[in-house]
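The values are calculated or read from the model by the stated rules, or taken from the named source; none is laboratory data. All of these numbers come straight from a predicted model, not from anything done at the bench. No Cβ is skipped: glycine too gets one built from the backbone with ideal geometry, and neighbour counts run over all protein chains shown.
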Amino acid sequence: MSSVSDLTASKAWFHKARLGAFIHWGLYALPGGMWEGTSVPYLAEWLQSARRIPNAEYSLLAERFNPQTFDADAIVKGFSDAGMRYLVFTAKHHEGFAMWRSRVSSFNSYDATPAHRDFVAEWSRACQKHGVKLGLYYSHCLDWHEADGGDPRPCENNFGMSWGNDWDFPDQQNKNFDRYFETKVLPQLTELLSNYGEVAVLWLDCPMTVVTPRHARCILDLVHILQPNCLVNSRLCMLETLGDYGSLGDNQLPAGTTADDFPREAIITLNDSWGYKSTDHNWKSPAQVRQITLDALQSGANLLVNFGPDGDGRLTPESWAILHDLMEWQDAVGEALHSGGQSPFPQDLGWARAVADDRRLWLFPGESAPDTAVLAGVEGELQSATGTHAARIGQDTWRLDGLQALAKTQSPLRLEFTEPPRYDACPRIQNGRMRLLPAQAKLIHGEPNALAMLTDAPLGAAGEKLVGNGHSVLADNGALCDWHNPAEHCVWHIRLESGRYRLRLVTRNGAHSQPWRGDRTVEVTIGDCRLTAEIVATERLDDSHYYRAAVTDLGEIPIVHGGEFDLTIRTIHIASPDAATMQLERLELQRS
Ligand code: FHN
């Protein structure tokens with residue numbers, strides 16, 4: 001039987017930490033995505049599998065790995081000054097190379113390199129010095145250095161790259177995953193969890209189906225014995241939901257708050273690769289990183305921002321520019337960032353990101369915010385307003401001004417109340433718009449639907465769970481998935497004044513690197529009014545190779561007499577099982 005830890009305090013710490021750094025650093029940093037004069041497609045840390053490089057040749061990289069300019073202290077200080085409260089370092093990635101002095105395998109940074117350094121120890125010391133918690137990433141399934149690592153199944157879903165090393169070890173049928181698990185995974189995890197002080201997070205990745213619930217429970221038992229306060233992420237086992245918090249997919253952003261106490265963590269790259277890739281110049285701007293931080297914050301999720309040091313151990317100038325920008329922003333954002341809050345509203349305001357704790361409400365106006373906005377649904381005695389002039393214009397309605405100046409500096413206005421204010425649970429049009437999120441809707445279930453029961457629906461490359469139990473369900477990111485069944489509805493109880501409203505639906509593929517697909521007809525009702533529409537892309541929101549999204553203009557609905565209504569949406573026809581992975585992210589109403 002699994003041992004049980006009380007992780008309440010760890011989850012509370014994690015939820016307040018909110019911002020962290022992910023560090024992908026291993027031998028792959030040396031070639032930086034280049035091999036024999038050409039650049040690998042996609043992720044630099046997948047170089048060995050992408051180019052099917054024999055172990056004998058790949059291991060030569062270790063003989064050149066001597067990152068003399070690597071300075072954990074300076075980097076961790078940078079993270080700390082940028083408001084990051086924890087980091088997660090790739091102690092071992094899929095290449096199988098241990099970035100610490102492992103007694104289990106000599107393929108490690110101390111024994112196999114001229115550096116003779118234990119990088120886990122260096123990160124650990126720097127973390128303790130700067131008050132940043134240490135998390136460790138360990139690839140518990142994929143390991144190309146080992147004959148028995150990874151999954152022997154073909155991987156059409158993985159850009160044609162192998163999960164296991166089938167170039168050095170072609171006899172994939174006789175692989176023995178248990179042997180790898182017993183002789184490398186458990187002993188190396190024991191080292192990591194015993195020799196480096198407090199480990200706050202164990203971050204596991206790519207659990208193909210060879211990782212059974214039994215394997216997963218062995219890891220959990222080990223963690224609970226050696227580091228009882230350590231949180232384990234959800235990429236532990238594909239066959240059963242285990243772990244202490246939900247890792248969203250790669251570059252998958254939360255689509256709203258979720259009600260339960262299961263913490264979530266979004267992870268983003270700063271360009272397109274996790275490991276250092278010299279040819280990847282698709283850098284996010286500092287302003288984009290701020291926006292994403294606020295999106296995660298208002299959704300109640302943590303954000304782990306990735307850095308890929310190069311072969312000398314240096315962060316790229318673009319990474320430093322983003323870190324410096326986050327540092328400069330801390331005076332403005334810090335208080336809200338670590339308040340432990342999230343949006344208190346039953347809708348996404350659209351014109352501002354919102355965060356609240358007991359008595360305080362922070363609003364970060366976005367670029368599209370009017371200079372003066374009306375905020376509805378907050379009832380309480382105002383003690384102070386900072387960054388704006390707030391005038392009460394109704395029982396629970398306020399006029400806020402000076403918003404454009406705040407938008408320019410991405411600073412918040414802060415309203416502080418004498419007692420915790422009351423937030424109206426009924427969404428209403430604010431400044432001409434309403435954005436409804438599935439996490440705040442009621443799901444009305446019908447008989448399970450055969451399509452949603454498909455067991456061979458594609459598994460996400462990042463281990464995302466794409467198929468539920470035959471019913472529409474909220475995914476960890478807060479979006480609605482498996483919404484194929486005409487007998488099931490998603491319902492919001494809303495308030496509308498009379499008028500005409502244009503409806504726009506945002507759908508996003510819940511499967512990593514898959515195309516956006518329509519192939520679906522939906523029906524929306526508001527009271528007695530009804531419209532049906534095909535899902536087509538009227539506007540592409542995200543066409544990156546991660547989670548592709550588009551807006552569908554569904555048409556207009558007239559409301560003759562204002563009042564409270566149930567707004568429902570359901571799928572009435574789905575043309576292709578390939579559309580099954582599409583998620584409903586939000587429904588927007590705009591007064592025409
Ligand atoms: O295959 C890895 C990838 O290299 C990277 O580590 C990401 C980070 O989430 N995880 C896997 C793909 O999801």
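On the stretch given as the range 391-430, residues that are over 28 Å from the mean Cα position of the chain (by Cα), of a type in the set (Gly, Ala, Ser) and part of a loop (DSSP other than H, G, I, E, B) total 1. Set side by side, the residues 371, 348, 358, 401 differ, and just one is among the acidic types (Asp, Glu) and closer than 20 Å to residue 436 by Cα, which is 348. Of the helices (runs of 4 or more DSSP H) lying entirely inside the range 1-61, those containing at least 1 residues that are under 15 Å from residue 92 (Cβ atoms) and either free of Cβ contacts under 8 Å to residues at least 24 places away in the same chain or in the same structural domain as residue 120 (by TED's automatic domain parsing) (or both) span 47-50, 55-58. Strands (runs of 3 or more DSSP E) fully within the range 535-592 that include at least 1 residues being exposed (fewer than 13 other Cβ atoms within 10 Å of the Cβ): 539-542, 549-559, 563-574.
Inside the range 372-429, residues that are touching a helix residue (DSSP H, G or I) at 6+ places or on another chain (Cβ under 8 Å) and aliphatic (A, V, I, L, M) make up a count of 2.
Listed here are the strands (runs of 3 or more DSSP E) enclosed by the range 242-315 that have at least 1 residues being under 30 Å from residue 37 (Cα atoms), acidic (Asp, Glu) and touching a strand residue (DSSP E or B) at 6+ places or on another chain (Cβ under 7 Å): 246-250.
Report yes if residue 97 is within 16 Å of the ligand (Cβ to nearest atom), of a type in the set (A, V, I, L, M, F, W, C) and more than 29 Å from residue 328 (Cα to Cα), otherwise no. Yes: the conditions hold for residue 97. Among all positions in the range 78-90, there is at least one residue which is in contact with a Phe, Trp or Tyr (Cβ under 7 Å, 6 or more places away or on another chain), outside any loop (DSSP other than H, G, I, E, B), within 30 Å of residue 325 (Cα to Cα) and not hydrophobic (A, V, I, L, M, F, W, C). Filtering 104, 76, 88, 40 for residues that are within 13 Å of the ligand (Cβ to nearest atom), touching a helix residue (DSSP H, G or I) at 6+ places or on another chain (Cβ under 7 Å) and among the β-branched types (Val, Ile, Thr) leaves a single hit, 40.
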